[in-house]
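Enquirer: My questions will all concern the structure given below.
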Amino acid sequence: MDKTTVQELIQPTIKARNVDVYYGETHALMGIDLDIAPKTVTALIGPSGCGKSTFLRCINRMNDTIPSCRMTGKITLDGEDIYSKNIDVVQLRAKVGMVFQKANPFPKSIYDNVAYGPRIHGLAADDKDLDEIVFSSLQRSGLWNEVKDRLDKSGTALSGGQQQRLCIARTIAVNPEVILMDEPCSALDPIATAIIEELIADLKERFTIVIVTHSMQQAARLSQKTAFFHLGKILEFGDTSEIFTNPRVEKTKDYITGRYG
Amino acid sequence: MPHNHILSSFDDELNDLRARIVKMGNLVEKQYQNALRALEHKDKILAEKVRKADRIIDVMDAEIEKQAIQMIALRSPVADDLRDIVSTIKISAGLERIGDYAKNLAKRVSVIRHEEAISVSSAQIGQMVTEISGMISDVIDAYITRDIDKAIDVWQRDKNVDSIYNSLFRELLTYMMENPQYITPATHLLFIAKNIERAGDHATNIAELVYYINEGELLALKRPKDDSSNYAEIDAN
Ligand SMILES: Nc1ncnc2c1ncn2[C@@H]1O[C@H](COP(=O)(O)OP(=O)(O)OP(=O)(O)O)[C@@H](O)[C@H]1O
Ligand SMILES: [Mg+2]
């Protein structure tokens, strides 16, 4: 059995079906159908304003916080409808973590930044347990060696790349299943970007990752699946290796090769 | 035709790369005409000219490769752009090899002496050269105009070169068996013919690359491969 057929047998972690999103009169997403496979990196690409961030925010119900925002359709996580009445949104956001474009550490110590989530979700039995979670999260985010001697220093005093890894540590500290990332490297230099990319490649062994990026090279380097968004619709979805060597849709080709559509 | 790139300097570079291939293709085609003429007229001066011109083709190949690698490094091309640039490196290398075979042809001008064998067989060599020249010019045309049908046509014409080669091979074998004096000139002619036959294979490869650039898939048809002389046997009696 070849690789793709094995992959197809695995149930997708996230299933979006016929998702439409409106901001007041603005119809931001139209009929989105997408399956996101477990423990893979799925890249969402497309021109500015095509709805990538909107779709990402649907997956952890961040759009709920925007008053004008209305969604129809269905999104399931492991088969469970995340918009059903008996879903606890706080629990959902622990299960589906998010990392933003601009690193946003709390103005607290490095330790407290990472300990914050486990504390509010009651994940640690005692202080020793909490230490364990904080240390291992910092290790997994590749930040440990750089901060182990100054865990009590403010998270905001770190460099941009370190702050972003701190936010990733904070996200994985609550042991999520899915990590959503909205342009996580757009404010970073090439080295800090490479470190985050290496980290993402590691993280996909344990987590399902959905990343929005404007860097075609980043999408190509990092992801196994790519979805091309255009004016609120998904025009093409497939294996990243295919999309970047032989896209089927003219608009995808024009976008990734930098042509006038 | 694909849409223009937003960065027009990228289009300029792609066009420049294509123009270089056209120039190289024209020169390679001319090499065959000259090599054939040198052979037919035992023109050693023309033969020397062909050998010298081959160095220009080598330099052109190196320059195309250099420019293409630079474009890959600086432009990070994807999709058809990537296929285009990578395939252009291979097309250039293919043309360089085809050029080498023309040079080999010219090299033999001074060593072929036996009048009779040549006069009998050079018509077929001429035919092969006409075929290969046509294939080169058409495949470059297909490359530049993105004409897949033309590429497929070139691809299919390789069998013509093969079949002339096979009949020439048999004919020369007969001469050699009839008269040992023919062995030396006939062997030279055989090498010449084999060289042109190989050039045909390279032109066919280029046709496949043109197809790949445009379709993103390998030309899936079954290749009319192999010259049957690989299996020819000589009756020792
Ligand atoms: N909070 C909001 N209120 C009103 N309209 C919004 C809001 N957020 C997004 N939109 C609109 O929804 C559409 C999709 O926006 P979205 O931010 O999802 O695009 P995007 O693909 O993430 O773009 P970018 O690449 O620039 O981040 C746009 O037309 C945008 O103006
Ligand atoms: Mg966005």
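Just so it is clear, none of the values below were taken in a lab; they were calculated from the coordinates. Treat the numbers as computed from the prediction; the structure is a model and nothing was measured. Please note: Cβ atoms are built from the backbone with ideal geometry, for glycine as well, and neighbour counts cover all protein chains shown.
Enquirer: Please report the relative contact order for chain A, taking Cα pairs under 8 Å with a sequence separation of at least 6, and give it as a percent rounded to a whole number.
Expert: 26 percent
Enquirer: Here's a follow-up. Evaluate the charge dipole of the protein assembly as shown about its Cα centre and quote only its size in Debye, nearest 20, assuming +1 on the Cβ of each Lys and Arg and -1 on the Cβ of each Asp and Glu.
Expert: Approximately 840 debye in magnitude.
Enquirer: Moving on. Compute a Gaussian network model of chain B, connecting alpha carbons closer than 10 Å, and tell me which residue from B:90, B:52, B:30 fluctuates the most.
Expert: The residue with the greatest mean-square fluctuation here is B:52.
Enquirer: Which whole number gives the average count of other chain Cβ atoms within 10 Å of the Cβ atoms across peptide B:74-80?
Expert: 6
Enquirer: Taking the Cα atoms of chain B alone, what are Rg (to one decimal) and Dmax (as a whole number) in Å?
Expert: 19.6, 72
Enquirer: Let me ask something additional. Where a Cα-Cα gap under 12 Å defines reach, which aspartates and glutamates qualify for residue B:107, not counting those fewer than 8 residues away within the same chain?
Expert: Here the aspartates and glutamates satisfying the reach criterion relative to residue B:107 are B:43, B:48, B:54.
Enquirer: Please find, in a Gaussian network model of chain B (springs between Cα atoms separated by less than 10 Å), the residue of B:193, B:102, B:53 whose mean-square fluctuation is greatest.
Expert: B:53
Enquirer: Now a separate question. Across peptide A:237-246, how many C-beta atoms of other chains are within 10 Å of each residue C-beta, on average?
Expert: Counting Cβ atoms of other protein chains within 10 Å of each residue's Cβ and averaging gives 2.
Enquirer: When the dipole is taken about the Cα centre of segment A:3-256, and only Lys, Arg (+1) and Asp, Glu (-1) are charged at their Cβ, what size is it in debye, to the nearest 20?
Expert: In total the dipole reaches around 320 debye.
Enquirer: Per 0.36 nm of contour for each residue apart, how much would the distance between residue A:102 and residue A:80 grow if the chain were fully extended, relative to their Cα-Cα spacing?
Expert: 4.9 nm
Enquirer: I've got another one for you. Just in segment A:174-261: which chymotrypsin sites (Phe, Trp or Tyr not before Pro) are loop by DSSP and have at most 15 other Cβ atoms within 10 Å?
Expert: A:260
Enquirer: If you bin the C-alpha pair distances of segment A:53-149 every 10 Å from 0, what whole percents do you get?
Expert: In order of increasing distance, the bins hold 13, 37, 30, 18, 2 percent.
Enquirer: Taking the Cα centre of chain B as the origin and placing charges on Cβ (Lys, Arg +1; Asp, Glu -1), which of B:199, B:33, B:45 is farthest toward the positive end of the dipole?
Expert: B:45
Enquirer: List every DSSP H helix in chain B whose Cα atoms extend 27 Å or more along the helix's own long axis and whose mean Kyte-Doolittle hydropathy is at least -0.5.
Expert: Qualifying helices: B:44-75, B:79-107, B:115-145, B:148-178, B:183-215.
Enquirer: So how far apart, in nm, are the two label points at residue A:68 and residue B:69 if each is 7 Å from Cα heading toward Cβ?
Expert: 5.4 nm
Enquirer: What residue among B:161, B:129, B:86 shows peak mean-square fluctuation when chain B is described by a Gaussian network model with Cα springs under 10 Å?
Expert: It is B:86.
Enquirer: Please tell me which of these pairs span more than 28 angstrom C-alpha to C-alpha: B:90/B:150; A:39/B:90; A:52/A:108; A:102/A:233?
Expert: A:39/B:90; A:52/A:108
Enquirer: One quarter of the convex hull surface, Cα atoms only: what value does that give for the protein assembly as shown in nm²?
Expert: Average of the hull's projected areas for the protein assembly as shown equals 31.4 nm².
Enquirer: Also, quick follow-up: Any idea how far the Cα center of segment A:91-128 sits from the one of segment B:143-203, in Å?
Expert: The two parts, judged by their Cα centres, are 73 Å apart.
Enquirer: Just to confirm a number: summing +1 for Lys and Arg and -1 for Asp and Glu over residues other than residue A:53 whose beta-carbon lies under 12 angstrom from that of residue A:53, what do you get?
Expert: Its environment carries a net charge of 0.
Enquirer: About its Cα centre, what dipole magnitude does segment B:2-215 give when the only charges are +1 on Lys and Arg Cβ and -1 on Asp and Glu Cβ, stated in debye to the nearest 20?
Expert: Taking the Cα centre of segment B:2-215 as origin, the dipole is about 820 debye.
Enquirer: Pull up the cross-link candidates among the lysines for residue A:128, meaning alpha carbon to alpha carbon under 17 Å and not fewer than 8 places away within one chain.
Expert: A:148
Enquirer: Let me ask something additional. What's the angle, to the nearest 10 degrees (0 to 90), between helix A:160-172's Cα axis and the longest principal axis of chain A?
Expert: Helix A:160-172 sits roughly 90 degrees off the main axis of chain A.
Enquirer: Next up: Determine the calculated [θ] at 222 nm for the protein assembly as shown from helices alone, applying -39500 (n - 2.57) to every DSSP H run no shorter than 4 residues and normalising by the residue count; nearest 500 deg cm²/dmol.
Expert: Roughly -19500 deg cm²/dmol at 222 nm, from the helical runs in the protein assembly as shown.
Enquirer: If you average the alpha carbon positions of segment B:41-74 and of segment B:1-36, how far apart do those two centres end up, in angstrom?
Expert: Rounded to whole Å, the Cα centres lie 14 Å apart.
Enquirer: Here is a further query. Taking the DSSP beta bridges in chain A as the whole, what percent of them are antiparallel, to the nearest 5?
Expert: 60 percent
Enquirer: Right, here's the next one. Please find the FRET efficiency linking residue A:231 to residue B:33, where r is the Cβ-Cβ separation and R0 is fixed at 56 Å, and quote it to the nearest 0.05.
Expert: FRET efficiency, residue A:231 to residue B:33: 0.55.
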